[in-house]
Amino acid sequence: MASEGRGASPALPPSATGGWTALALLLAFLGGLGLLRIGAVPGLGGNTVHAALFLIVLMGVAVAVVDLGVYRVHRRVSTGMAPGHWAPSWERTLHKFVGLLGSVGFVAWLYWLFPEYHGDFYGRYYELLKLILPPWLLLALPYLYWVDARMPKPQDGYWMLGRLLLMRREGVDRARVWNHLLGWLVKGFFLPLMFTYMCNDLERFVRYDFAQLTAFRFVYDFLFGFLYFIDVGLVSLGYLMSLRATDTHLRSTEPSMLGWSVALLCYQPFWSLFDKQYLAYNAGNTWGQWLWNTPWLYGFWACLILLLTGLYVWATVVFGARFSNLTHRGIITSGPYRFSKHPAYLAKNLSWWLISVPFLIGSDGSAAEALRHCLLLLMLNGVYFLRARTEEAHLSRDADYRAYAQWIAAHGLLARLRRGRPAAAVPARASDGEAMPQP
């Protein structure tokens, strides 16, 4: 692909998630929250798990309607299915069903093995599993049959794992089986966390007394928490809605140990093991205490934090139902990803500097302590830099990502700042053969 100054400019590949899908997802979440807040959804009985499941189903329906009806994602080559192809096989389907049971069993065995999953923290997640597993397994067999019949190359990870479990090793690629199990390991680790956080935030939102919003600092506290509530709510859908029929399935999983290590370090329970002992960058100062006596600067600082947090959440929204750590489920090139390959990481790390203010000299007047806390936060920033680099190495196996990286190098925010040109002026997207309407 030619670079600028050597012919045609690199073209921006179309985003795996369309803009209308992202908008429908956000509106479904906000609309569902409104219904739950006013008690307009009968039958939930105040059960937080049921309410969270209602939100997830509502978001999933909104995404499916727009993706299938507007973008016709089921016709994409990336699904592995072909329009008009129909070659059903109950034998293959049963192999895949065995592979599905083996995948679930693999995650269930890990939950049984590790003490982390024996406490009360994940109680709501286990309640969710009791609700969804029976109907999900019931629908899985006809779904697998239909998808398999439409696949010209139906020997996927489920088929190979099923063959392996049935002691039939012919045609089994162990590397693909391992990649398949890693994908389920990602789901098994992150879904319990995100769904639990979602339930906790949902319970707080439904019970929140909006009469408290009598001053800006209360508005700031509410909005800051609410933005992260949106994030975990949408992410929970992403880990649940992994379907080939909607092109939200897993293409590949992070292959490197470094990639896994730096990603898991940023989440519980691993974060607790490193935070206090190694990366405790917070000096005990708070930006609010620092600026409280200067109201205009307090408000400006708070708005900057909210702006960065909003950018971080926007970077989640544009994924639609395709968000998932450590996996490739389609290349996103819309929204903030038109300006940077890692807008979420940039926004989150910058917000930490504003929130923790590690550069402040404490009451003891020690500049050395302030420098130490800054260095610790820089180390955490370095963890996210490594996350970005390992993700790029993984995604660069996809030609669309390589084209996207070229486009960002030529037209991203940093490239335009270097040239002194406005970042909003961008060339048209590359065509993928189908209309891709954008809001």
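FYI, it's all coordinate maths here, none of it is from the lab. Keep in mind that this is a model prediction, so the values were computed, not measured. Reconstructed Cβ throughout: ideal geometry from the backbone, glycine too, with neighbour counts over all protein chains shown.
As I understand it, the value is the acute angle between the Cα axis of helix 216-240 and the longest principal axis of the Cα atoms of the chain; what does it come to in degrees, rounded to 10? Helix 216-240 sits roughly 20 degrees off the main axis of the chain.
Rounding to the nearest 10 and keeping the result within 0 to 90°, find how far the Cα-based axis of helix 399-411 lies from the longest principal axis of the chain. Here the helix axis deviates by roughly 30 degrees.
Grab the Cα-Cα distance for A399 and A108, subtract it from 0.36 nm times how many residues apart they are, and report the gain in nm with one decimal.
On the way: separation 291, 0.36 × 291 = 104.76 nm, distance 3.54 nm.
Gain on extension, A399 to A108, equals 101.2 nm.
Once the Cβ-Cβ distance of H118 and R419 is raised to the sixth power relative to R0 = 56 Å, the FRET efficiency obtained is 0.50. Based on Cα atoms of the stretch 102-151, Rg over Rh with Rh as the Kirkwood radius reads 1.12.
One chain, two ends: W90 and L375. Fully extended at 0.36 nm per residue, the span grows by 96.7 nm beyond their Cα-Cα distance. The amide H of S252, built 1.01 Å from its N in the peptide plane, has H328 as neighbours under 5 Å, considering only residues 5 or more places off or on other chains. Holding the Cα-Cα limit at 20 Å, pick out from K187/K348; K96/K153; K96/K130 the pairs that are longer than that. Check vs 20 Å cut-off fails for K187/K348; K96/K130.
The angle between the Cα long axis of helix 295-317 and the main principal axis of the chain comes to about 10°, on a 0 to 90 degree scale. Residue order for L375, L144, fewest other beta carbons within 10 angstrom first, comes to L375, L144.
Computed over the chain with a Gaussian network model linking Cα atoms closer than 10 Å, the most mobile of S272, S242, S103 is S272. Computed over the stretch 151-195, the P(r) tail beyond 16 angstrom holds 45 percent of alpha carbon pairs. Just checking the listed ones, A344, A280, A245: in the Gaussian network model of the chain with Cα springs under 10 Å, the one fluctuating most is A280. Using the Cβ-Cβ distance between L386 and R176 with R0 = 30 Å, the FRET efficiency computed as 1/(1 + (r/R0)^6) comes to roughly 0.70. Distance from the alpha carbon centroid of the stretch 263-282 to that of the stretch 36-92 works out to 35 angstrom. Pairwise inverse Cα distances across the stretch 19-419, averaged and inverted, put the Kirkwood hydrodynamic radius at 23.2 Å. Given DSSP loops and a limit of at most 15 other Cβ atoms within 10 Å, what is the longest stretch of the chain that contains no such trypsin sites (Lys or Arg not before Pro)? With trypsin sites (Lys or Arg not before Pro) excluded where exposed in loops, the chain gives 170-396 as its longest stretch. Translational diffusion coefficient of the stretch 191-295 at 25 °C, 0.890 mPa s, Stokes-Einstein with Kirkwood Rh over Cα pairs, in µm²/s as a whole number. Taking Rh from Cα pairs, D becomes 142 µm²/s. Distance between the 7 Å Cα→Cβ label points at V61 and E203: 2.6 nm. For H342, no residue 5 or more places off, or on another chain, has a built amide H under 5 Å of its own.
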